[in-house]
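Enquirer: Below is the structure I would like to discuss, written out as structure tokens.
The values are calculated or read from the model by the stated rules, or taken from the named source; none is laboratory data. For clarity, every value in this text was computed on a predicted model and none was experimentally measured. Cβ coordinates were reconstructed from backbone atoms using ideal geometry, including for glycine residues, and neighbour counts include every protein chain displayed.
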Amino acid sequence: MKIGDKIPHFVLPDSNGIEHKISDYIGKRIVIYFYPKDDTPGCTKEACSFRDAYEDFTELGCEVIGISGDSVESHKAFKEKHKLPFLLLADSENVVRKMFNVPKNLFGLIPGRVTYIVDENGIVVHVFESLFNAEKHIDEAKRIIQSLAK
């Protein structure tokens, strides 16, 4: 996925096993962030930073969605432990990760960390990739969403 691409249609379960169609979110701005693994230091820092800024995103008419290859059960525990208010979707087979062409990093061993900013029409307007600078994803996403809201 690159800037200007329309996001693909997908359906994934959340931390309660309820399926979500991405098409239900078209009409809103969306931050879709792919992260390597629940409850690892960088991913926890990123998720908690999105949690702490969540109200800023919702005030701008934006939904935040985190996606990893972890199970529904893992997402449920991660979400409850850190009081995450946004959706965590389980892409256990990494099908959606492949649809978005999210690269693996560190010699192909670790799933990549990529954030996509999507406008109301389902078009990617910004892509940010950084495996080791997790918190930067939130600042970058907020900056882009604020510019879209003007």
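Enquirer: Go through the stretch 85-99 and count every residue that is buried (at least 19 other Cβ atoms within 10 Å of the Cβ) and more than 17 Å from residue 19 (Cα to Cα).
Expert: 0
Enquirer: Of all residues in the stretch 62-80, count the ones that are within 16 Å of residue 141 (Cβ to Cβ) and either touching a Pro at 6+ places or on another chain (Cβ under 9 Å) or outside any strand (DSSP E or B) (or both).
Expert: Matching residues across the stretch 62-80 total 1.
Enquirer: Run residue 111 past the list (1) closer than 26 Å to residue 17 by Cβ; (2) modelled with pLDDT of 90 or more; (3) of a type outside the set (Asp, Glu) and report the number of the one that doesn't hold.
Expert: That leaves (2) as the condition not met.
Enquirer: Could I ask something else about it? Could you grab me the full set of residues in the stretch 3-61 that are in a strand (DSSP E or B), aliphatic (A, V, I, L, M) and crowded, with 18+ Cβ neighbours inside 10 Å?
Expert: Within the stretch 3-61, the subset in a strand (DSSP E or B) is 6, 11-13, 19-21, 26, 28-34.
Then keep just the ones that are aliphatic (A, V, I, L, M); that gives 11-12, 26, 30-32.
Matches in the stretch 3-61: 12, 30, 31, 32.
Enquirer: With respect to residue 102, is the statement that it is over 23 Å from residue 2 (Cβ atoms), in contact with a Pro (Cβ under 8 Å, 6 or more places away or on another chain) and in contact (Cβ under 8 Å) with a residue 24 or more places away in the chain true?
Expert: no
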